[in-house]
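For reference, the structure is listed below as structure tokens.
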Amino acid sequence: MSVITLSVNGKEVAIPEGASLLEATRAAGVEIPLLCHLDGLEPVGACRLCLVEVEGSNRLMPACTTAASEGMAIHTHTHQLLDYRRMAVELFFAEGNHVCAFCVANGNCELQNVAVQVGMDHSRFPYQYPQRVVDASHPLFAIDHNRCILCTRCVRVCDEIEGAHVWDVGSRGSHCHIVAGLDQPWGEVEACTNCGKCVDVCPTGAIFHKEDTTAEKLRHSDRPALLKAARDEHVWRNQ
Amino acid sequence: MSSSGSTTPARQLRCCGASGCRSAGSEELQAALEAARDAAGHTAQELAIKPVGCLRLCGRGPLVACDGPGGTTLYGAVPPTEAGALIEAARNDDHGSGDNGNDILQASRLDAQLPFFALQSSVVLEGCGQVDPESIDDAIAFGTYSQLRRCLHELTPEEVREQVKLSGLRGRGGGGYPTGLKWDTVALQPPGPRYVVCNADEGDPGAFMDRSVLESDPHRLLEGLAIAAYAVGADRGYVYVRAEYPLAVERLRKALQQARRAGLLGNGIDGTSFALTIEVRVGAGAYVCGEETALLQSIQGQRGMPRPRPPYPAQSGLWGAPTLINNVETIAAVPVILREGGDWYAAMGTAGSKGTKVFALSGAVTNTGLVEVPMGTTLRSVVEVIGGGVPDGTPIKAVQTGGPSGGCIPAELLDTPVDYESLMELGSMMGSGGMVVMGETTSMPEVARHFMRFSVNESCGKCVPCRAGTVQLAQLLDRFVERRASPADMAKLDALCRMVKATSLCGLGQSAPNPVLSTLRYFRHEYEAACRQPALCEQP
């Protein structure tokens, strides 16, 4: 395996060739906020929180989808990036209906964590209070679209790991929403295997176990990575 | 079909049948002309009536060009009731030169010396208005497909790419990426399947250049695409056309069918081993599918959403294979470049932007239509000399170029030459070529809001800056249009525009703030005046 070296915030790191900029930041011990990315799933670069500055390029690059190359110099926490990240988190909060006080994921929510991470204590942009629905037609789980941030982790885990492709995205722009099956009630989708992987990966309280009430949702976002390693590399947790 | 193309009759009437003139009643006019000719007892050999594509001055449609021994005379807005008079005029070569007292065609006759016609140089549009778009025989008689044949028999793919590189041609879809370099990148990928794609998903408001090429000269596009496929080693191609262009889709499909029958597409083209299959794919109403990665997704039958680049389609495009994707105008320029040579093309234009560019001129302008001028022509000569300025003679306030991705250029900067870099410096962009002229009465915050609402509706929703940011921007602009903004809104507008521009995933989001940023730059006083306490908004 050949190795490349690059610098992250001035610190030199060595990572395997073909690795992403995200892996470079991890090697440097730098933490950048992530919402759509989840280890084990194909990166999509949608939440724009992991954008980094690359010296010599006038475009910001998403760390999750950009391949690292030899000699790159990247910066992850410039003033401008901090500013943009905070604004992006404000936009996330303003576009949905995120009411932590009675959310299943309160205290265990990645959106909440990211807000703390970027120092967002209020949104300067007015809340949109969109009209969204809750689909509780599935016997075990439910999806509350009010809390959805459209990270598409559920779409990807169901397609890539479970192979059922129950989820997809419907409509466009601010009307985008996650659809089950052919835009049916979740409980009527025969392709659903009731595996619950979408619940595991959902960063917020949008997809949850029906038995969980306020602040009771547990996170298992490491599962796709474990499953992927098990399949691709035949590495099991009990080995 | 009135013309087989083999012998051009001494006198003919060319009737524009592109969308603009069709909506002005060109079909009725053509039928009336045919009836009037028959009634007058003339044969088609004496006086041919030929359906053609765009004759440029769309705002005066339906347009008819009369060719006779004395040259060509153009008529515009001819009512079908005057068909008889027009037939007589064409038959007798009497186009108002004599002092004919009862010259009822006087009002319809257009002056060929108008700067609108005289200052144009036809390269991409050379066949528009000349050939019958539904007849491959006519296209071949005009010279179409001769360059494809020449490439296949006489030139290697490297030599073809060399000419394109020499020409300095850059992508006409708006990005301005050097075409030859893109072709090389695709051609030099490791062996394996390759695709060529023509992006005909022209969606900018005020842009209708590509539609005119598709409707007027579809065979030229197919020839260009086949040459491109030969140059990069592709054997499959797609033309992705938006569904809102039904006539373009119809003519393109017809052209494909004719080309296949004529052996100019398919296996063993023109007796060589070169094979190419081209398919038409029709869009489903999403503006974002004009973005190349979203377009490729759509061709593959998936939801049209952009993905981060790199990898660029030239490395990994359709089904992961190297894919060449070029805009209609870029591809339509290729046959001429090969015919006349790359040097010839590069002699036109400026140092960085070679050749000609087609613009669709609309808005508050006297001559609405299609304009092809060399790069580097000033905006002023396009909108004031060729376009004739604002119809009521009042001054121009601004020119919007590049649609929702571009910006408004104020009147005092009209002497800027039109090329990629100059427009970019002004905070606008070439875009695909839509040019909307605005008069004194236009409110700039309203213009900005109009385009922002467009972006709100057309955002695919994948990334948050574009999905949620454009919504917030449109609401902020509402406050300015309704004159209830505050100084804090000004700061917010500025900050959010910069964030959306810098962090959006694809070109749509990255350029969505341009109409706001450019109007803030040149017409800041209008935003300030819209604040409840304008004095507070003024910068120190």
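The values are calculated or read from the model by the stated rules, or taken from the named source; none is laboratory data. Since the model is a prediction, treat every value here as computed from it, not as a measurement. As a convention, Cβ positions derive from the backbone with ideal geometry for all residues, glycine included, and neighbour counts pool all protein chains shown. Accessible surface is based on the protein model in full, side chains and every heavy atom, while ligands, DNA and RNA are left aside. Shrake-Rupley method; radii C 1.70, N 1.55, O 1.52, S 1.80 Å.
Among the GluC sites (Glu not before Pro) in region B:407-511, which ones are in a DSSP loop with at most 11 other Cβ atoms within 10 Å of the Cβ? Mind listing them?
Values: sites: B:E412, B:E421, B:E425, B:E440, B:E446, B:E458, B:E482; in loops: B:E440, B:E482.
Loop-located and lightly packed - B:E482.
May I ask you to list the lysines whose Cα is less than 29 Å away from that of B:K50, ignoring any residue fewer than eight positions away on the same chain?
Cα-Cα hits under 29 Å: B:K254, B:K357.
In a solvent-free Debye calculation with one equal scatterer on each Cα, what is log10 I(q)/I(0) for region B:143-346 at q = 0.10, 0.12, 0.15, 0.17 Å⁻¹, listed in the order of the q values?
Treating every Cα as an identical point scatterer, log10 I(q)/I(0) equals -0.36, -0.53, -0.87, -1.15.
Largest first, what is the accessible-area ranking of B:I140, B:I104, A:I149 with a 1.4 Å probe? Can you show the working numbers first?
Working: B:I140 60, B:I104 100, A:I149 5 Å².
Result, largest first: B:I104, B:I140, A:I149.
If a/c stays under 1.5 just call it rounded; otherwise compare a/b with b/c (prolate if a/b is bigger, oblate if not). Do that for region B:13-57, with a ≥ b ≥ c from the square roots of the Cα gyration tensor eigenvalues. Before the final figure, lay out each step's value.
On the way: a/c = 3.78, a/b = 1.88, b/c = 2.01.
Taking the square roots of the gyration eigenvalues as a ≥ b ≥ c, region B:13-57 is oblate.
In terms of the Cα gyration tensor, with a ≥ b ≥ c the square roots of its eigenvalues, is chain A rounded because a/c is under 1.5, prolate because a/b exceeds b/c, or oblate?
Because a/c hits 1.5 or more and a/b fails to exceed b/c, chain A counts as oblate.
What would the Debye equation give as log₁₀ I(q)/I(0) for region A:104-233 at q = 0.16 Å⁻¹, counting only Cα atoms as equal point scatterers?
-0.85
Please compute the contact order of chain A in relative form: average sequence separation of alpha-carbon pairs under 8 Å and at least six residues apart, divided by the residue count, as a percent.
Values: 437 pairs, mean separation 46.1, N = 239.
So the answer I get is 19 percent.
I'd like to check one number: the per residue accessible area of region B:163-240, probe 1.4 Å, reported in Å² as a whole number. Don't skip to the end; give the middle numbers.
On the way: 1960 Å² over 78 residues.
In whole numbers, region B:163-240 has 25 Å² accessible per residue.
Considering Cα pairs under 8 angstrom that are at least six residues apart, work out the relative contact order of region B:325-472 and quote it in whole percent. Don't skip to the answer; put the middle values down first.
Details: 237 pairs, mean separation 29.6, N = 148.
Answer for region B:325-472 is 20 percent.
Please list, short to long, the whole-number percent of alpha-carbon pairs of the protein assembly as shown in consecutive 10 angstrom bins beginning at zero.
Spelled out per bin, shortest first, that is 3, 13, 20, 22, 19, 13, 7, 3, 1, 0, 0.
For a Förster distance of 56 Å, can you work out the FRET efficiency between the beta-carbons of A:E233 and B:T441, rounded to the nearest 0.05? Before the final figure, lay out each step's value.
Working: r = 67 Å, r/R0 = 1.20.
The computed FRET efficiency comes out at 0.25.
When only DSSP loop residues count, what GluC sites (Glu not before Pro) in region B:222-252 have their Cβ near at most 16 other Cβ atoms within 10 Å? Could the numbers behind the result be given before it?
On the way: sites: B:E223, B:E244, B:E250; in loops: B:E244.
Loop-located and lightly packed - B:E244.
Measure off, as a whole percent, the carbon and sulfur share of the 1.4 Å-probe accessible area of chain A, all protein chains present.
Numbers: 5830 of 11190 Å².
Answer for chain A is 52 percent, counting heavy atoms of protein chains only.
Per-residue mean of other chain beta-carbon atoms within 10 angstrom of the beta-carbon, peptide A:122-128? Write down the numbers at each step before the final one.
Working: counts 0, 1, 6, 9, 3, 0, 4.
Mean partner-chain Cβ count within 10 Å for A:122-128: 3.
Can you list residues whose amide H is under 5 Å from B:V197's amide H, if they're 5+ apart or on another chain and H is modeled 1.01 Å from N?
Amide H neighbours of B:V197, under 5 Å, 5+ apart: B:Y238, B:L324, B:I325, B:N326.
Give me the compactness ratio for region B:356-439, meaning the Cα radius of gyration over 2.2 N^0.38 Å.
Values: Rg = 11.1 Å, N = 84, 2.2 N^0.38 = 11.8 Å.
Computed over Cα atoms of region B:356-439, the ratio equals 0.93.
Long-range amide H contacts for B:T368: which residues qualify at under 5 Å (H placed 1.01 Å from N, peptide plane, sequence gap of 5 or more or a different chain)?
B:G59
Can you run the Rg to Rh ratio on region B:182-291? Use alpha carbon positions and the Kirkwood inverse-distance Rh. Write down the numbers at each step before the final one.
On the way: Rg = 14.3 Å, Rh = 14.5 Å.
Rg divided by Rh gives 0.98.
Given the alpha-carbon gyration tensor of chain B, what are the semi-axes of its equivalent ellipsoid in whole angstrom, ordered largest first, with each equal to the square root of 5 times an eigenvalue?
Details: eigenvalues 305, 209, 71 Å².
In descending order the semi-axes read 39, 32, 19 Å.
Hey, in chain A, which Cys have no second cysteine's beta-carbon closer than 4.7 Å?
A:C50, A:C64, A:C100, A:C103, A:C109, A:C148, A:C158, A:C176, A:C192, A:C195, A:C202
Do any GluC sites (Glu not before Pro) in region A:176-231 lie in a DSSP loop with no more than 12 other beta carbon atoms within 10 Å, and if so, which? Present the calculation step by step, with values, prior to reporting the outcome.
Values: sites: A:E188, A:E190, A:E211, A:E216; in loops: A:E190, A:E211, A:E216.
For GluC sites (Glu not before Pro) across region A:176-231 that sit outside H, G, I, E and B with at most 12 neighbouring Cβ atoms in 10 Å, the list reads A:E190, A:E211.
Could you state how much accessible area is buried at the B-A interface, both sides summed, with a 1.4 Å probe, in Å² to the nearest 100? Let's see the in-between values first.
Numbers: alone 20390 and 12430 Å², together 30310 Å².
The buried area between B and A, both sides summed, comes to about 2500 Å².
Can you give me the % of accessible surface on chain B that is carbon or sulfur? Probe 1.4 Å, all protein chains present, nothing else counted.
Values: 9710 of 19120 Å².
Answer for chain B is 51 percent, counting heavy atoms of protein chains only.
In whole Hz, what ³J(HN,Hα) sequence does region B:237-252 give by Karplus (6.51, -1.76, 1.60; θ = phi - 60°), x for Gly and Pro?
Those phi angles translate into x, 9, 10, 9, 10, 6, 5, 6, 10, x, 5, 5, 4, 4, 5, 5 Hz.
Step through the residues of region A:131-136 one at a time and calculate ³J(HN,Hα) from phi using the Karplus curve (6.51 cos²θ - 1.76 cosθ + 1.60, θ = phi - 60°), rounding each to whole Hz and writing x for Gly and Pro.
Values, residue by residue: 7, 10, 10, 10, 10, 10 Hz.
List the longest stretch of chain B that has no exposed loop site; here a site is one of the trypsin sites (Lys or Arg not before Pro) assigned by DSSP to anything other than H, G, I, E or B, with at most 12 other Cβ within 10 Å. List each step's numbers first, then the result.
On the way: sites that count: B:R483, B:R484.
Answer - B:1-482.
Please report the net charge: other residues with Cβ closer than 13 Å to the Cβ of B:Q130, K and R +1, D and E -1.
Details: positive: B:R14, B:K50, B:R56, B:R220; negative: B:D67, B:E126, B:D132, B:D138, B:D217.
Result for the neighbourhood of B:Q130: -1.
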